[in-house]
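Please read the structure below before turning to the comments.
Bear in mind that the values in this text are calculations on the coordinates, not laboratory data. Being a predicted model, the structure only gives us computed values, none of them experimental. Cβ placement follows ideal geometry from the backbone for every residue including glycine, while neighbour counts extend to all protein chains displayed.
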């Protein structure tokens, strides 16, 4: 039976992907009574979350992103105990393969930072990289690094876990609900307008990912967030892939491989991709991607394509998310994750719920992720973007 749209709420969350679902659950857990989650599609988690590859990792080059992973990944480990639904985690490890001197220099510093913060990333010489990356060929490898706690989780399971847990705690989670506007009372949030009716509320959370600019414009804000297409494909079964095959990243080409069922999932970022909401497959880029992928993993040349997918990153100028309050009273944002949002969904939903329910975050200081940082030209950019 479809969930009826409430007419009042203590908080309304826009967007039913991992960010919105996590926020809904954690707000309810924090004691917020009337939480409403709105999703325009027929099912939750079918937007950017449902089109991502499901990677989870500790390997970032800024302290804030490492800290987010240090809280969020254990939350995924504990998801089944917390909600009754497993995240279906597979800790295959992320293997970054470095073929340029500039990347070697940068990643050496990155691994040192990770180790200082308690992350067990290992530095590898070229011979170790080549051995671990098989059946990929990296004769040009200079060095690399691996964290064996990195890996994959299932986006649909994670979203379902939080949605179901939020419902049990009293949240109203509504699909096929298209938000058409936000009503203001002076400088304060007053209501959310939808195709199913109006909801009176003083708090709105914008968790719309690549589509977060539009809700922000309704309250007079401009977010430095732009949608950018990424695409990947899954091959037919390949028998020669070892069970120990890690998530392999050819960092210089932003080309990656990991096991997906009996086949291989591979993706490659297009450096010439223009910003926009197009989620169709680019056949010319796929042809280029396949050529580069076969060069690294010749086995792919003897198999077919089982599935292909395109989705959207929502990118910011520094490849860090925007999390927290805005100049508009009652309007919060949770967007701009630049390709690593799925893995940080658990912790960021929790942090935003702390901010809303208590006025501050207690689990982690996220002041450097606030919107006003873009007024400062000295941004701290995340380098390890895939």
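Every pair of different Cα atoms in region 263-327 enters the Kirkwood calculation, which places the hydrodynamic radius at 14.5 Å. Counting only alpha carbon atoms, the long axis of helix 101-116 and the longest principal axis of the chain meet at about 60°.
Computed extension gain for residue 113 through residue 367, at 0.36 nm per residue and net of the alpha carbon distance, reaches 89.4 nm.
For region 261-334, the relative contact order is 22 percent, taking Cα pairs closer than 8 Å that sit 6 or more residues apart in sequence and dividing their mean separation by the residue count. Ordered by the count of other Cβ atoms within 10 Å of each Cβ, fewest first, 92, 28 give 92, 28.
The label-point distance for residue 178 and residue 8, in a model that sets each label 7 Å from Cα toward Cβ, rounds to 2.9 nm.
Please find, in a Gaussian network model of the chain (springs between Cα atoms separated by less than 10 Å), the residue of 122, 368, 101 whose mean-square fluctuation is greatest. Maximum among the listed residues: 101. With contacts taken as Cα pairs under 8 Å and at least 6 residues apart, the chain reaches a relative contact order of 24 percent. Of all DSSP beta bridges confined to region 56-151, the antiparallel ones make up roughly 100%. With the simple model of a label 7 Å out from the Cα in the direction of the Cβ, residue 105 to residue 71 spans 3.5 nm. Calculate I(q)/I(0) for region 51-117 by the Debye formula, one identical point scatterer on each C-alpha and no solvent, and give its log10 at q = 0.14 Å⁻¹ to two decimals. Debye curve over Cα of region 51-117, log10 I(q)/I(0) at q = 0.14 Å⁻¹: -0.54. Subtracting the Cα-Cα distance of residue 81 and residue 357 from their residue separation scaled by 0.36 nm leaves 97.0 nm. On the basis of the beta-carbon distance and an R0 of 51 Å, residue 308 and residue 202 show a calculated FRET efficiency of 0.70.
When the Gaussian network model of the chain links Cα atoms closer than 10 Å, the mean-square fluctuations of 53, 191, 302 top out at 302.
Evaluated over the Cα positions of region 230-365, the convex hull gives a direction-averaged projected area, one quarter of its surface, of 10.8 nm².
Result for the chain in a Gaussian network model with C-alpha springs under 10 Å: among 42, 224, 283, the largest mean-square fluctuation is at 283.
Put a dot 7 Å past the Cα of residue 217, heading toward its Cβ, do the same for residue 239, and the two dots end up 5.5 nm apart.
The angle between the Cα long axis of helix 283-296 and the main principal axis of the chain comes to about 40°, on a 0 to 90 degree scale. Take the Cβ atoms of residue 125 and residue 282, set R0 to 30 Å, and the FRET efficiency comes out at 0.25.
Between residue 30 and residue 385, the FRET efficiency from the beta-carbon distance, with R0 = 30 Å, is close to 0.40. Seen against the Cα atoms of the chain and their longest principal axis, helix 155-168 is set at about 20 degrees. From least to most packed, judged by other beta carbons within 10 angstrom and beginning with the fewest, 124, 68 follow the order 124, 68. Look at the alpha carbon pairs under 8 Å that are at least 6 residues apart: their mean separation over the length of region 297-386 gives a relative contact order of 31 percent.
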